[in-house]
Amino acid sequence: MLPWNGKEDGSHVAEIVTLAEAIAATVRDGDSVAMEGFTHLIPHAAGHEVIRQRRRDLTLIRMTPDIIYDQLIGAGCARKLIFSWAGNPGVGSLHRFRDAVEHAWPHPIELEEHSHAGMANRFQAGASGLPFAILRGYRGTSLPAHTAGVADITCPFTGETLTAVSALRPDVAVIHAQRADRRGNVQFWGISGVQKEAVLASARSVVTVEEIVDSLDPHPGAVVLPSWTVGYVAAVPGGAHPSYALGYSARDNDFYFSWDAISRDRQAFAAWLDEHVYGQHAASAADRAAGAC
């Protein structure tokens, strides 16, 4: 179900608000939340705002959980993780994630693991309004026996046994994009994952963007989410850091390496949160982003 802003003619136009307002309006305790972006356009700033607003008992959904989900888990926001791969890309493990799994710190976390293909098909089914998707990829594995939302299905035409995976319909999708116009139409390009499908599958959505422009110029390979598919747009320059936004910023490789040491130690992680998420440094960044609106 797509969001609606209550206009008399039944049309919907995305609301342009601050990041804090967007998260407050969409993410609630106990929600299922998909924060998507593949290699770049990962919505780190939005994830930090979820932490600042101290949301709890979230089911976090992501094809490739990396350090933003490590931070959310370590901050105590997550109850469950639905995913297909987890790690600090190019570096190693997610130590806050491991601490939650191995030592239940800050509290236990439930896991639901799928393949990349399974997750992509589940998002596609949700975006299409279908109850499930069908694929061959799970055949011969133990995933159907141990994973919720996976079942054998017989093709009515060939008799072949295939795998059905239940649709993903998150309460909230959060993505980052290069730009939006003043009506809330969103445009992004470069490596794309399932951002579009996540937004279309979700009941509510937040899109952070590098800039808001008067009009969207054509761009090769760009994906455009029309305003009526989007709930809230917030201008957050640099909102993908330490990942990157093609054409706007570069990947901060040093941060990914430094995160390995920070995340290994609970006290070091808590100190990082206090300085960079809860503290004055974070407040200044949020003020700058709000001013960009």
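The values are calculated or read from the model by the stated rules, or taken from the named source; none is laboratory data. Worth saying up front: this structure is predicted, and the values here are computed from it rather than measured. So basically every Cβ, Gly included, is an ideal-geometry build from the backbone, and we count neighbours across all protein chains shown.
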Next on the checklist: Could you check region 27-39 and list, in sequence order, the residues that are surrounded by fewer than 23 Cβ atoms within 10 Å (Cβ to Cβ) and either modelled with pLDDT of 95 or more or β-branched (Val, Ile, Thr) (or both)?
Outcome noted: VAL27, ARG28, ASP29, GLY30, ASP31, SER32, THR39
Next on the checklist: As an exercise: evaluate PHE97 against (1) part of a helix (DSSP H, G or I); (2) over 30 Å from ASP254 (Cα atoms) and give the number of the one condition it does not meet.
Outcome noted: (2)
Next on the checklist: For region 194-211, which positions are surrounded by fewer than 24 Cβ atoms within 10 Å (Cβ to Cβ), outside any helix (DSSP H, G or I) and in contact with a helix residue (DSSP H, G or I) (Cβ under 8 Å, 6 or more places away or on another chain)?
Outcome noted: ARG204, GLU211
Next on the checklist: Given the options SER93, SER128, name the one that is modelled with pLDDT of 95 or more, within 20 Å of VAL174 (Cα to Cα) and surrounded by fewer than 17 Cβ atoms within 10 Å (Cβ to Cβ).
Outcome noted: SER128
Checklist entry - Within region 19-36, which residues are in contact with a strand residue (DSSP E or B) (Cβ under 6 Å, 6 or more places away or on another chain) and in a loop (DSSP other than H, G, I, E, B)? => result VAL27, ASP31, GLU36
Item to check | Filtered residue count, region 153-193, keeping only those that are among the β-branched types (Val, Ile, Thr) and surrounded by fewer than 19 Cβ atoms within 10 Å (Cβ to Cβ) | outcome: 5
Checklist entry - In region 100-119, how many residues are surrounded by 16 or more Cβ atoms within 10 Å (Cβ to Cβ), in a loop (DSSP other than H, G, I, E, B) and modelled with pLDDT of 95 or more? => result 3
Checklist outcome for this item: Among ILE61, ILE67, the single one that is out of contact with any helix residue (DSSP H, G or I) (no Cβ under 7 Å at 6 or more places or on another chain), buried (at least 24 other Cβ atoms within 10 Å of the Cβ) and either in contact (Cβ under 8 Å) with a residue 24 or more places away in the chain or not β-branched (Val, Ile, Thr) (or both) is ILE61
Checklist outcome for this item: Within region 99-128, residues under 23 Å from TYR278 (Cβ atoms) and either among the charged types (D, E, K, R) or not assigned by TED's automatic domain parsing to the domain that holds LEU200 (or both) come out as ASP99
